[in-house]
Amino acid sequence: MTIQEEVNRRKTFAIISHPDAGKTTLTETLLLFGNLIREAGTVKGKKTGKFATSDWMEIEKQRGISVTSSVMNFPYDDFQVNILDTPGHEDFSEDTYRTLTAVDSVVMVIDATKGIEAQTKKLFKVCRMRGIPIFTFMNKMDREGREPLELMEEIEEVLDIETYPMNYPAGMGKRFLGTFDRQNNQFVRFTHEGAETAIPYDDLSNPEYEDLVIHEEFKVAQDEVALLDEAGEEFSLDKVLAGKQTPVYFGSALAPFGVETFFDSFINMAPTPAPRKSTEGVVQPDNPDFSGFIFKIQANMNPQHRDRIAFVRVCSGKFERDMSVNLARTGKKINLAQSQQFVASQRGTIEEAYAGDIIGIYDPNVYHIGDTITESRELFEYDELPQFPPEQYKAVTAKNVMKSKQFKKGIEQLVQEGAIQLFKKFHTESYIIGAVGELQFEVFQYRMKNEYNSEVVFEDIGERIPRWLTMEKVDENLFDSRSTLVRDREGNPVVLFKNEFSLNLFKDRHPEVELIDLYEVN
Ligand code: G4P
């Protein structure tokens with residue numbers, strides 16, 4: 001196969017959701033289709049205890065969750081599917097966000113009994129910022145949920161994206177009858193035994209389906225579908241690919257119901273790896289020279305070896321085991337002798353990879369998050385990874401003042417690696433660290449102790465809303481206890497607002513001060 005053909009087979013996506021919406025269940029069902037596992041319930045050991053995606057770090061073991069995202073890949077029809085898992089726990093971190101820079105599309109799982117929840121909203125914001133196409137799986141139709149029209153209205157209002165129901169449910173919970181498949185003009189009947197039968201619209205008047213069409217739920221849904229056909233948005237693949245419309249699929253990941261139809265439709269529509277911007281212009285995915293960027297570094301995956309793995313999103317060319325690449329930031333040549341690819345939790349050595357694939361390479365402590373590696377001699381770098389505004393803050397000091405050298409070195413390296421974000425107080429220069437999720441602090445503390453022999457003490461500051469200042473000269477009198485003034489790593493002034501209220505109050509009082517939200521910069 002040519003590189004172009006390989007690229008055109010690749011579908012790389014992440015599944016995002018709020019915890020408990022059904023991401024794991026959906027992933028397991030998809031893996032079943034890919035024949036990757038024979039039995040559902042083996043992706044993570046949280047509940048079944050059978051199998052943990054990773055036993056890389058103590059924290060992971062203690063908490064029974066996967067700290068960092070893993071990658072699953074499998075062939076499906078003519079496609080090569082790469083699913084990047086994003087931690088579904090509330091303690092998600094910047095890694096979760098960065099994973100979204102390495103995918104070409106996203107599946108958003110929503111619990112139909114709850115609608116849009118906090119974490120979905122946060123992750124959606126990142127997808128929106130990057131213009132990633134989003135496909136929605138409205139899960140748990142086998143439970144008593146909210147009205148479908150209301151759920152779609154909520155997506156439109158809260159997330160500000162057009163919706164197009166690809167199918168439409170008749171009833172829900174105990175009275176869930178199935179879905180109108182608007183793509184294929186058929187009704188897909190649901191039975192609680194899990195079977196699916198497709199009945200073409202034209203056959204619905206046959207006497208054998210009388211027991212179905214007689215239901216009030218069927219009639220109501222039929223009217224609503226007619227209404228949507230007449231007055232709803234039109235389906236537009238262009239809009240979908242531009243991230244302006246989300247196709248919505250109703251179903252149940254657990255039953256499973258509607259998952260295969262969803263996946264077939266999604267996988268055909270989802271974009272293949274696109275050209276990427278770099279400092280030397282746009283790089284085509286079928287460019288013969290291998291290139292990629294690092295979006296995540298995971299340390300201590302194996303406590304015995306203390307190794308670090310850098311996750312690379314391949315952007316062009318053909319990756320081959322043992323090849324040599326150039327690290328664009330330093331211009332140094334590196335031999336990728338121990339490249340590894342991840343399938344579920346098994347590490348296996350891979351022979352080749354193409355644009356869209358994710359590879360894990362051994363990191364002899366040289367990589368930074370956002371680094372570009374390339375085979376070509378003309379060095380270039382892919383666009384910098386966006387920075388995500390931290391949401392939680394802690395003041396940090398060394399437990400043992402005699403060890404301030406290790407303390408400083410550890411912080412410096414972990415910050416450079418992108419594990420945590422560093423701020424300094426205006427006059428005292430004391431350290432404040434910021435993270436997207438609580439878990440990042442724990443990982444930081446663990447690594448400071450184990451890798452730098454420096455025990456750290458935290459003082460909780462709590463949630464803050466950061467805004468960057470553009471003022472040339474900062475007038476410190478403008479700020480008070482509700483708005484702490486700090487500097488970021490580069491020395492730029494940043495205000496940490498206590499809450500929305502203090503942010504808005506400040507804006508009202510000082511309309512002349514320009515406040516920048518990192519999401520606007522990215
Ligand atoms: P997550 O990865 O997004 O956190 O969610 P997960 O798949 O673990 O699912 C959360 C809970 O919701 C699980 O129940 C799961 O069985 C249930 N669930 C997922 N999809 C569906 C669905 O389509 N219908 C129904 N009725 N339930 C669904 P649990 O009780 O927390 O765990 P378990 O003991 O059942 O595994």
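The values are calculated or read from the model by the stated rules, or taken from the named source; none is laboratory data. Just so you know, these numbers come straight off a predicted model, no measurement behind them. We place every Cβ from the backbone using ideal geometry, glycine too, and count neighbours over all the protein chains shown.
Whenever a residue of the stretch 81-95 is closer than 16 Å to Val126 by Cβ and modelled with pLDDT of 70 or more, its partners that are among the charged types (D, E, K, R) and away from the ligand (no atom under 13 Å from the Cβ), lying with C-beta atoms within less than 8 angstrom and at least six residues away or across chains, give the pairs Asp95/Lys296. Scanning for something polar (S, T, N, Q) and closer than 23 Å to Ser265 by Cα, does the stretch 116-134 turn up at least one residue? The answer is yes, given that some residue of the stretch 116-134 is polar (S, T, N, Q) and closer than 23 Å to Ser265 by Cα. For the stretch 227-245, the criterion of being in contact (Cβ under 8 Å) with a residue 12 or more places away in the chain, in a helix (DSSP H, G or I) and within 20 Å of Tyr201 (Cβ to Cβ) is satisfied by at least one residue.
Only residues that are within 14 Å of the ligand (Cβ to nearest atom) and of a type in the set (Phe, Trp, Tyr) were counted in the stretch 107-148, giving 1. Criterion applied to Ala170, Ala102 was being of a type in the set (A, V, I, L, M), over 23 Å from Leu518 (Cα atoms), in contact with a Lys or Arg (Cβ under 9 Å, 6 or more places away or on another chain) and away from the ligand (no atom under 14 Å from the Cβ), and the one residue passing it is Ala170. Screening Leu151 with (1) within 16 Å of the ligand (Cβ to nearest atom); (2) assigned to a helix (DSSP H, G or I); (3) surrounded by fewer than 21 Cβ atoms within 10 Å (Cβ to Cβ) gives one miss only, at (3). Which residue is nearest to the chain's Cα centre (by Cα), if the candidates are limited to the stretch 95-119 and must be hydroxyl-bearing (Ser, Thr, Tyr) and over 19 Å from Thr24 (Cβ atoms)? Among those that are hydroxyl-bearing (Ser, Thr, Tyr) and over 19 Å from Thr24 (Cβ atoms), it is Tyr97. If only residues of the stretch 308-365 that are among the aliphatic types (A, V, I, L, M), over 24 Å from the mean Cα position of the chain (by Cα) and assigned to a strand (DSSP E or B) are counted, the one that is modelled with the lowest pLDDT is Ile334. Based on what the data block shows, is Glu5 more than 13 Å from the ligand (Cβ to nearest atom), surrounded by fewer than 17 Cβ atoms within 10 Å (Cβ to Cβ) and either modelled with pLDDT under 80 or under 20 Å from the mean Cα position of the chain (by Cα) (or both)? Judged against the criteria, Glu5 is not a match. Scan the stretch 245-266 and give yes if some residue there is more than 16 Å from the ligand (Cβ to nearest atom) and more than 30 Å from the chain's Cα centre (by Cα), otherwise no. There is no residue in the stretch 245-266 that is more than 16 Å from the ligand (Cβ to nearest atom) and more than 30 Å from the chain's Cα centre (by Cα).
Restricting attention to the stretch 422-452, the residues that are under 20 Å from the mean Cα position of the chain (by Cα), surrounded by fewer than 22 Cβ atoms within 10 Å (Cβ to Cβ) and among the polar types (S, T, N, Q) add up to 0. Scanning the stretch 119-178 for residues that are of a type in the set (Lys, Arg) and at pLDDT 95 or above gives Lys140, Arg143, Arg146.
Among the candidates Val220, Val248, the residue that is assigned to a strand (DSSP E or B) and under 20 Å from Glu144 (Cβ atoms) is uniquely Val248.
Mind counting the residues in the stretch 109-122 that are in contact with a helix residue (DSSP H, G or I) (Cβ under 7 Å, 6 or more places away or on another chain), more than 19 Å from Val259 (Cβ to Cβ) and in contact (Cβ under 8 Å) with a residue 40 or more places away in the chain? Residues meeting the conditions: 1.
So that you can scan it fast, the table gives a plain yes or no per residue for (1) of a type in the set (A, V, I, L, M); (2) more than 30 Å from Asn8 (Cβ to Cβ):
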{"position": "Tyr354", "(1), (2)": "no, no"}
{"position": "Asp363", "(1), (2)": "no, yes"}
{"position": "Thr374", "(1), (2)": "no, no"}
{"position": "Leu379", "(1), (2)": "yes, no"}
{"position": "Gln392", "(1), (2)": "no, yes"}
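Selection of the stretch 10-52 for residues being modelled with pLDDT of 55 or more and near the ligand (Cβ under 8 Å from one of its atoms) yields Ser17, His18, Pro19, Asp20, Ala21, Gly22, Lys23, Thr24, Thr25, Leu26, Thr27, Glu28. Against the list (1) at pLDDT 90 or above; (2) within 25 Å of Trp468 (Cα to Cα); (3) not aromatic (Phe, Trp, Tyr), the condition Gln413 fails is (1).
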